[in-house]
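Here's the structure, in structure tokens; my notes come after.
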Amino acid sequence: MLQGMIAITISAIIPKLHPRPCLTQVNCQEASSIQLSVMYLSLLLTSIGAGCIKPCVITFAANQFDMSRTGVASRKWNYFNWYCFSMELATLIALTSIVYIQDNVGWGWGLGIPSIAMALSIIAFVVGYPLYNRPKPGGSPLVRMSQVVVAAWRKRKAPKPTNPCLLYQNIEIDAPVSIDGRLMHTQQFKWLDRAAITLEGDAIESKPPNLWRLSTVHRVEELKSIIRILPIWSAGILLVTATSHQSSFVVQQARTMDRHLSPSFQIPPASLSIFTVVTVLIGLVLYERSIVPFARKFTKNQSGLTHLQRMSIGYTINIFATLLTSIIEVKRKSVAAQHNLLEKPNATIPITVFWLIPQYCLYGLAAVFVDVGQLEFLYDQAPESMKSTAIAFYCLTSSLGNYLGTMVVSVVHAYTGKHGNWIPDRNLNKGHLEYYYFLATGIQVLNLVYYVVCASFYTYKPLEQEKDCNQNDQENCIIC
């Protein structure tokens, strides 16, 4: 990631690696193939680095604390709330200070300062590395899941024992991947239990047995846990799909509105996302200090709300936010019609851009519930050895959702006709963007129904606490 940031900084400093400035915006020089190659390579390196860092940094930081159920219950603060608070605070700094430096000092410093900050963070990480709690790797989770599937398929015709306690268990084999306790047997996806059926040719006396023929109950339950998570996780993809317009169409709306704070200063359209960030910062503090203690009185849950309850509230708020977006678009177009500006795409409509702030705030409030709730849910419900994999799913939600959002926009643009197109190419005033927002609202309503159904059937993973197990003889500690 640092290499990509350094490369794009160098391209901004060296004149030959970027096109000449074009103040008139007329007959501007296009970027050469070399300049484009440098930029794309820089973005590629940065993207690969970010994809590797994000899933790991969350779980690595969590490993520095006691994240067991008793450890979480004993703390008065929530790790995931404060992690997201830190990320949003960094975003706020980037949207204000860094953007100001880029616009008023230069892109060299605007990109160089984040590169320097990244280099300093790497130095700090290396210096503090001996002090960190570093769990030993337990092998590839993909290999373990593949072993369960292969073993279950090989024994697809084997008679299944009526007593789950007869399924194969091995504390020694599972020890590296079950430090906080082994997963207990569940009644879901029973076909996978065949992987733990012991047959004569399995040679369980060997150390260890062939795991492609025989898996432990814990490893079978690891795969079951991932399968149970997927429907809940997939609901987040459609949420991003329906709200991906926030960074595109809403910015185009803002360009047509009155953005003056004073006669000489206008709010940049892209900077309106600051209101979402500020709402998240305030909302996380209020959630931690007010909502959790209040909800705890009724739910008797140490966290106030369960992960699934927290996410459902966020999904609901998002629906109202998108509905409000469509209503404000109707208002914007009506003002444009009153002043005969529908045919003038570059004209400023006499309606203040502050009409857009409530929807930005609602999206921020929804993020307090959905984003943090999903992050916490994936970490808590993923098997111990697959935390980073589950957090990678969280990062993948945004990518897949935005790709699907682009596809939806393309389909809507292609099939709503040349006349009265919902999303016109040039004149937003002649389109029907409010129809697209109504469509996005409908998608979110269906997604909420889908989520509620999945959540109602969801079974939280049963975890055997190691402390409870240690009270008895380890050899007799059965997790069936």
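The values are calculated or read from the model by the stated rules, or taken from the named source; none is laboratory data. A quick note: this is a predicted structure, and the numbers were derived from the prediction, not measured. In this analysis, Cβ positions are derived from the backbone assuming ideal geometry, glycine residues included, and neighbour counts consider all displayed protein chains. These area figures cover heavy atoms from the full protein model, side chains too; ligands, DNA and RNA do not enter into them. Shrake-Rupley method; radii C 1.70, N 1.55, O 1.52, S 1.80 Å.
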Residues satisfying the stated conditions in the stretch 143-162, i.e. open to solvent by 70 Å² or more (accessible area, probe 1.4 Å), more than 14 Å from Ser215 (Cα to Cα) and not charged (D, E, K, R) | Pro159, Thr162
Quick one: Ser178 ticks every box in (1) surrounded by 15 or more Cβ atoms within 10 Å (Cβ to Cβ); (2) hydroxyl-bearing (Ser, Thr, Tyr); (3) over 26 Å from Asp66 (Cα atoms) bar one, so which box is it?
-> (3)
Flag if Ile171 is over 31 Å from the mean Cα position of the chain (by Cα), modelled with pLDDT under 85 and surrounded by 15 or more Cβ atoms within 10 Å (Cβ to Cβ) | yes
When you look at Ser146, is it part of a helix (DSSP H, G or I), within 22 Å of the chain's Cα centre (by Cα) and without any contact (Cβ under 8 Å) to a residue 40 or more places away in the chain, yes or no?
-> no
If the Cβ limit is 7 Å and pairs must be 6+ apart or interchain, which residue in the stretch 444-461 that is within 18 Å of Phe189 (Cβ to Cβ) pairs with which residue that is among the aliphatic types (A, V, I, L, M) and modelled with pLDDT under 90?
-> Lys461/Leu183
Does the stretch 100-121 contain any residue that is within 20 Å of Lys461 (Cβ to Cβ) and of a type in the set (Phe, Trp, Tyr)?
-> no
Selection status of His218, within 23 Å of Lys461 (Cα to Cα) and in a loop (DSSP other than H, G, I, E, B) | no
Residues of the stretch 96-106 being farther than 15 Å from Phe275 by Cα and open to solvent by 50 Å² or more (accessible area, probe 1.4 Å), which ones?
-> Ser97, Tyr100, Asp103, Asn104, Val105
Hey, among the residues in the stretch 341-357 that are assigned to a helix (DSSP H, G or I) and of a type in the set (Val, Ile, Thr), which one's surrounded by the fewest Cβ atoms within 10 Å (Cβ to Cβ)?
-> Ile357
Hey, does the stretch 356-371 have a residue that's out of contact with any Ser or Thr (no Cβ under 6 Å at 6 or more places or on another chain) and among the hydroxyl-bearing types (Ser, Thr, Tyr)?
-> no
The stretch 78-95: number of residues that are farther than 26 Å from His307 by Cβ and either open to solvent by 60 Å² or more (accessible area, probe 1.4 Å) or touching a strand residue (DSSP E or B) at 6+ places or on another chain (Cβ under 9 Å) (or both) = 1
Which numbered condition trips up Asp103, out of (1) more than 30 Å from Asn301 (Cβ to Cβ); (2) at pLDDT 80 or above; (3) not in a loop (DSSP other than H, G, I, E, B)?
-> (2)
In the set Leu111, Leu142, the lone residue that is hydrophobic (A, V, I, L, M, F, W, C) and closer than 28 Å to Gln64 by Cβ is Leu142
Report those helices (runs of 4 or more DSSP H) wholly inside the stretch 358-474 carrying at least 3 residues which are modelled with pLDDT of 85 or more and either on the phi > 0 side of the Ramachandran plot or surrounded by 18 or more Cβ atoms within 10 Å (Cβ to Cβ) (or both).
-> 387-415, 433-457
Test: residue in the stretch 28-36 that is touching a helix residue (DSSP H, G or I) at 6+ places or on another chain (Cβ under 7 Å), in contact (Cβ under 8 Å) with a residue 40 or more places away in the chain and part of a helix (DSSP H, G or I) | no
Ile227 passes all but one of the listed conditions (1) part of a helix (DSSP H, G or I); (2) open to solvent by less than 10 Å² (accessible area, probe 1.4 Å); (3) in contact with a Phe, Trp or Tyr (Cβ under 9 Å, 6 or more places away or on another chain); the exception is number (2)
Scan Ala61, Ala94, Ala73 and give me the residue that is at pLDDT 85 or above and of a type in the set (Gly, Ala, Ser).
-> Ala94
Filter the helices (runs of 4 or more DSSP H) completely within the stretch 237-327 down to those with at least 3 residues that are farther than 30 Å from Trp77 by Cα and open to solvent by 10 Å² or more (accessible area, probe 1.4 Å).
-> 249-255
Restricting attention to the stretch 181-207, which residues are open to solvent by less than 80 Å² (accessible area, probe 1.4 Å), assigned to a loop (DSSP other than H, G, I, E, B) and modelled with pLDDT under 80?
-> Gly181, Ala203, Ile204, Ser206
